[in-house]
Each structure stands twice: as structure tokens, then as C-alpha cells.
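Before any comments, here is the structure.
Taken together, the values in this text are just the output of simple stated rules run on the coordinates, not laboratory data. All figures in this text were calculated on a predicted structure; none of them were measured in a lab. Here the Cβ positions follow ideal geometry from the backbone for every residue, glycine too, while neighbour counts run over all protein chains shown.
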Amino acid sequence: MRGLAALHAAAMTATDLTSPATTSGIDRLTAVAEPDFDLLDALFRTEDPDDQARLLARVVLSAFDNYYAVSRRIPALAKTAFEARDWATTVRLSKIRIGLYTTSIDQLVPLLKSGLPELAADEALWRSAGAELSAAIEGRYEADFAFAFWQSLRRKLVADEWRPVSYETGTGRGPAAASGILKTFTTTLPITAEAVSSILDGAGFNGRWRDQYGDAVLAAQAINAALEPFAPRDGEPAKIEIADSGFFRNRGACLVGRIRLRERGDMPLRWLPLLIAILNEDDGLVVDAVLTDSDELQFAFSSTLANYHATNPRYHELARLLYELMPKRPLGTQYSCIGFHHLGKVAVMSEILAEHKKTKEKLATAPGFKGTVAIAFTMPSSAYVLKIIRDHPTDDYKFDYFDGLDEVLRKYNLVHEIDRAGSMLDNILYSNVRLERSMFAPDLLDELLESGVETVILERGALVFRHLIVQIKLTPLPLYLSTAKQVDARAAVINLGDCIKNNAAADIFNKDLDGRNYGVSRIRKVYLFDYDAVEPLTAVKVRGDDEPIAEFEDGVVFRPSDMLEGLRIDDPHLRRAFREAHPELMQAEYWRGMQQALREGRVPKVTNYPASRRLRK
């Protein structure tokens, strides 16, 4: 099918995917432009292979440029929404941005399938067009992003053919230095309120401060207290390096950087990470907290939250800075937490392959309890866990009905697209991935091929995964509680309650309230990581102790007083700690109140950093 008439007929499907639901200003400003129909028409009409390659590259690059222009507009809109205290818009912008990449590709795929159906199988055309694209993007900062877009489009076109497409940058770009995006404030110790005020002034917020100098005094006190272990001396030179970027998400904003002290004869170079968290309250802007610990920065800068909107476009330098400040989190996930999920996917896959190449470790079944719906596997020293969804659940599956592979994958994708409220692992979702057979332990290889027929095939010495889920590695909660010190176990069960509350604030309810679905990170934070049993909280029927539950009642029915039994916390001291820290979780009134808030469109607050770091308790 070729020509403009066929092209516009095929475009009807694409238009349905991308047309804004309303004509609001945000929808107009974040709508991706239509594909270049003149270029598409020329591509579909020509029979010359060289012209086809050149035109295909131009079509895809034009679509990427349209996408990238909108994606770079969103951080400025998020800043404006923060300054206007328009919280509903900040949440909406996060959702729009995370879906924008896929929407831009979905806009083009049906047009190419209809107008050039032979494209999916034409390897020669892909190679030639890929060379044309590489030449066109050479020297551009976002060349690796454009190449990732190209590869994503190709994977989408061959999605039903079990044909893997490499996850690589294709640009040979070296590591970026964080110094390229830092503003330096030179001062002396102790840090003064005037030094902090100059940082706040340089942030460029449009809005009045409630008490900027008072905040600066408190922030300086917090910074100086954090510097005490470094034996600071009055008058000693210091540098405060702050990223030349605002970071915006939901109700908050932050400034991020580090404090450097000069090397002394008695001490090596000393430095601290620095995060200044800012809120916009009814009576003005306020510094809410100061964080100077790497682990605490992980609470705020986490891919378990909606991505930050970073106003500086230099994503490599931003990701490198975040990695230097939080080295316990892999570099690939740093891209994701500032909204560059597809570059993060490339970086994460590169890290996994590099880990295997370096350690020669085999992928084997992940520690902990065997999943009834997912097969989880990892390497002992890897930072990641890989998963597939079984064709059918095991005999231990708790529920009468299994929704099927596609529905479970839909839930994992849903969690990827929402604000995970700081308490659900992000899912890095891959399609058509090829991994060498030699990477897998024999027992795992057998299980994958036997229980994942719809997802995994063996092809010429490699496994091809139609779908693959990658998550940060956690210690399953029951395993952690059985081996941790009592003080650490107590902290974990308290964090479990925070996790459940944050999930509720994101309209997520895990109907399988079993501790085995939760994991503990290296900073003792607890996350939900299995999503086959998640449902919208607003759809759950909450029952009090005096309300009967019908034997065959439809839908998900939840009695909060039964929660502790379901969580399987065996230690009575830990059960008591959970009840004392979170008594409301066992009460129907709490859950109904949260449902009401969500139905009214309110944006509940979630715990993003330790309350002890707030400047005003």
C-alpha cells in the first residue's frame, strides 16, 4: 500500500494514540507533532534502495526531534507548576513525559508497517538507513538518545518475529564529567547563612520566600553539623558545587551538589553530598530539609519515585553527578530517575553484560522464595535481578484465577508509568533481548525453557526473551528478618508500613499482602517488587470488623484487621513494632479516607526523605 491516500488512512490509528484528550494548555504544549507526511510519501513511492535508506533515516530523525523538543519543554513546565503550586499539573506532567517516548514511536510504527510492509524483514535497508542516521546525528549531544529511539522503533516493528535488536548506544560516546554542569560557590568555614542565601538566590525561583534568611541560617547549621566529623577549622577554604539545574517532582523541588574541603596534611580531600529540599507552601517558598548523607539522598533520588524533571538538558553529566553522590545505585538507574528511561535501559543492559564478562558468574535462580508467577534470576555480585513471567503459575499460587501473561505484564508496565511513591521498584522492561546461553546455569536454563514457552526461545546458542523485566536487587523481606540484627529488623518492619502507606497514596493496593513480595535495599528501605497481585486501591472493597464478607463477593475485598496475619511476620516483637508504628493500617477508616482523597483528585504526601532531616520539626 503506497501513496498519500493510504498513508492518511493508516495515520488514523496513529492519531488515536497521540491526540490529547482535552484542549488544555498542557495538552497543547506537550503534544508531539505529526510525522512528516511529505517525507513518508516520498519514502513509500521510491523504489531506489539508496533513496529508501536516506528517507527512512530522515523520517525517524524528524520524529525523534519532535519528541525531544517536547521532552525538553516539560521540565520548564514543571518548574512553572511548582511555582504556581499546581500539584495536579506536576503529577500529570510526570505521566505525560514517561509515556511520550512510546507514544512518539507508536505514532510512526503503523504508518511504516502499512506503507512499507517489507521493512521489518529488510536487513540491508536497516543497515543502510542506520548508517545514514549515524552520519546525520554525528556531533550532536543527544546522538545516543536518537540512536536509542531508532533501535526502539526497529524493535517495535519486529516485535512479533522473535528478532532481537541490540541495546547499545551506537555512538561511542565516552563518560561525561559532572564538573561541566556545576556552579561553584567559594567560601570559608563555618558555612554561613549568607553563603546558603547566595545558593538559593542563584536557583532562580519565581516566587517569594516565606523566610529565606531564616531558612539559610538553619540550613547552614545543618551543613556545619554534618561537617564536624571532618575536623573543620574556622577560616578553612571550602567550595560548594551545585548542579546548574532545578529538579522538580510532585510537590517539591531540590538543589543538588556537594561540599568540598581542601586536602590537608593530616587529612585527604574531604567532601559531602548536599541536597537542599524546597517546598512551596501557602505562605511562600521554604527550605524543608537538608540531606548530606549518600544513603539519604537515595531516599529522595530514587527510581522508585516519579522521575525528577531536571531543567538542565545535559543528561550524561547529571547522571554522572548523581552516581558520584550515590555510588551504591548503579549508573543506569541514575538516568531513569531524571526521566531518561530509555538511555537508562541501554546503560543497565551494558552493566549486566559487563558484570558477566568481568566475573564470569552464571545467571542462576535469585535467593529467597521461589516465585509462583515470576522466575527471578541474577548473578551473585550483580546489582540487578532479571525476571520473566511464567506461562502458568505454580501449584502454590494463592488465587483461584490467573489473569495471564499479558495482564501481568500490563501491571508491571502500569507500575513503570505511575508515580511509584518511593516504595515500588521501577521495572526496566525489555523486548526481544538476546543473551548467550553460556550466561545461564543449567537448572535455570531448563526452568526458563519449560515454564516460559511464551516468552523464551533457544536460538543458535542464545536465549531470546520476548519480554524481560529487570529490577534493582533486593533482599526478600522474610530472608532479611531471619538474618538481620534485631535493631535492623525492627527498622525494616517499620519501613514496611511506610511502604504500604506510600503505595496507597499512589492508588496501589497489593492484594497479596505477603512479606515475600517485599524486599529490603542496602539502605534498609523496603519496597514492593512483585506486581502480579496489584490493584487500584480505589477499586478495593474495605470491610470493618463488624461488616460481613459474602462468600462469593466479587472484586477485591480487604479487612485491614487481618493485615498482620497476611504479612507473615513471625517474630512477636516485630509484629508489636509494626502495630505500634502503624496502628492506622489495621483500621478501615484509614483506608477509606485514602480512597476518598484519591477519588477527589488530591495528591497525598509521601515520605521521600527521613523526617529527622527536616529543618523545622
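Descriptive notes on the structure:
- Put in order of Cβ neighbour count within 10 Å, fewest first, the listed residues Tyr308, Tyr401 become Tyr401, Tyr308.
- Sites Ser62 and Phe369, calculated FRET efficiency, Cβ-Cβ separation with R0 56 Å, nearest 0.05: 0.70
- Set of lysines with alpha-carbon distance to Lys617 below 19 Å, sequence-local pairs under 8 removed: Lys605
- Among the trypsin sites (Lys or Arg not before Pro) in region 308-378, those located in a DSSP loop and surrounded by at most 14 other Cβ atoms within 10 Å of their own Cβ are Lys328, Lys360, Lys370.
- Each Lys and Arg adds +1 at its Cβ and each Asp and Glu adds -1 at its Cβ; summed about the Cα centre, the chain shows a dipole of about 1760 debye.
- Here the extension length gained between Ala69 and Ala581 equals 179.7 nm, from 0.36 nm per residue of separation less the Cα-Cα distance.
- At full extension, Ser179 and Ser431 could sit 87.2 nm farther apart than now, given 0.36 nm per residue minus the alpha carbon distance.
- Three-way shape call for region 349-473 based on the alpha-carbon gyration tensor, with the a/c threshold at 1.5: oblate
- Backbone amide hydrogens, once placed in the peptide plane, bring Ala462 within less than 5 Å of Arg437, excluding anything fewer than 5 places away on its chain.
- The phi torsions of region 441-449, fed into the Karplus equation with coefficients 6.51, -1.76 and 1.60 and a -60° offset, translate into couplings of 5, x, 4, 5, 4, 4, 5, 4, 6 Hz, rounded to whole numbers, with Gly and Pro shown as x.
- Between the exposed loop cleavage positions of the chain, defined as GluC sites (Glu not before Pro) in a non-H, G, I, E, B DSSP state with at most 16 neighbouring beta-carbon atoms within 10 angstrom, the longest gap is 264-360.
- Neighbour-count ranking [beta-carbon atoms within 10 angstrom, fewest first] of Tyr68, Tyr335: Tyr68, Tyr335
- With θ taken as phi - 60° and the Karplus curve 6.51 cos²θ - 1.76 cosθ + 1.60 applied, the whole-hertz 3J(HN,Hα) list for region 323-338 is 5, 5, 6, 10, x, 6, 9, x, 4, x, 6, 5, 4, 5, 6, 10 Hz, x standing for glycine and proline.
- Quotient of Cα Rg and 2.2 N^0.38 Å for region 4-161, N being how many residues it contains: 1.11
- The Cα atoms of the chain define a convex hull whose projected area, averaged across directions, is 30.6 nm².
- The 3J(HN,Hα) values that the Karplus relation (6.51, -1.76, 1.60; θ = phi - 60°) gives for region 398-407 are, in residue order, 7, 9, 6, 10, 9, 5, x, 4, 5, 5 Hz. Gly and Pro appear as x.
- Residue pairs exceeding 21 angstrom between C-alpha atoms, taken from Lys411/Lys501; Lys345/Lys387; Lys113/Lys156; Lys113/Lys411: Lys113/Lys411.
- Put a dot 7 Å past the Cα of Arg568, heading toward its Cβ, do the same for Ala611, and the two dots end up 3.0 nm apart.
- Gyration tensor verdict on region 178-340 (Cα atoms; rounded if a/c is under 1.5, prolate if a/b is larger than b/c, oblate otherwise): oblate
- The calculated FRET efficiency for Thr46 paired with Glu459, based on their beta-carbon distance and R0 = 22 Å, is about 0.05.
- The charge dipole of region 103-157, taken about the Cα centre with unit charges on the Cβ atoms of Lys, Arg (+1) and Asp, Glu (-1), comes to about 160 debye, rounded to the nearest 20.
- For region 421-529, the relative contact order is 35 percent, taking Cα pairs closer than 8 Å that sit 6 or more residues apart in sequence and dividing their mean separation by the residue count.
- Residue-averaged 222 nm ellipticity for the chain, from DSSP H runs of 4+ at -39500 (n - 2.57), nearest 500: -14000 deg cm²/dmol
- Relative contact order, whole percent, for region 492-617 stands at 29, derived from Cα pairs under 8 Å and 6 or more residues apart.
- Region 207-327, relative contact order [Cα under 8 Å, separation at least 6], %: 27 percent
- Under 27 Å from Lys183, Cα to Cα: lysines that are on another chain or at least 8 residues apart: Lys79, Lys239, Lys328
- Shape analysis of region 402-539 places it in the oblate category; the axes a ≥ b ≥ c from the Cα gyration tensor give an a/c of at least 1.5, with a/b not above b/c.
- For a modelled paramagnetic label at Thr359, 7 Å from Cα along Cα-to-Cβ, the residues of region 319-338 in reach, with backbone nitrogen under 20 Å, are 327-334.
- Arg264-Arg522 FRET efficiency (beta carbon distance; Förster radius 22 Å; 0.05 resolution): 0.10
- Spin-label proximity, Asn224 to region 246-265 - amide N less than 11 Å from point 7 Å beyond Cα toward beta carbon: none
- Cβ-based charge dipole, the chain, positive-most Cα from Phe369, Leu321, Leu479: Leu321
- Pairwise label distance in nanometres, Glu194 with Glu547, each label 7 Å out on the Cα-Cβ vector: 6.2 nm
- Each label point was placed 7 Å from the Cα along the Cα-to-Cβ direction; for Ser561 and Asp38 their separation is 7.2 nm.
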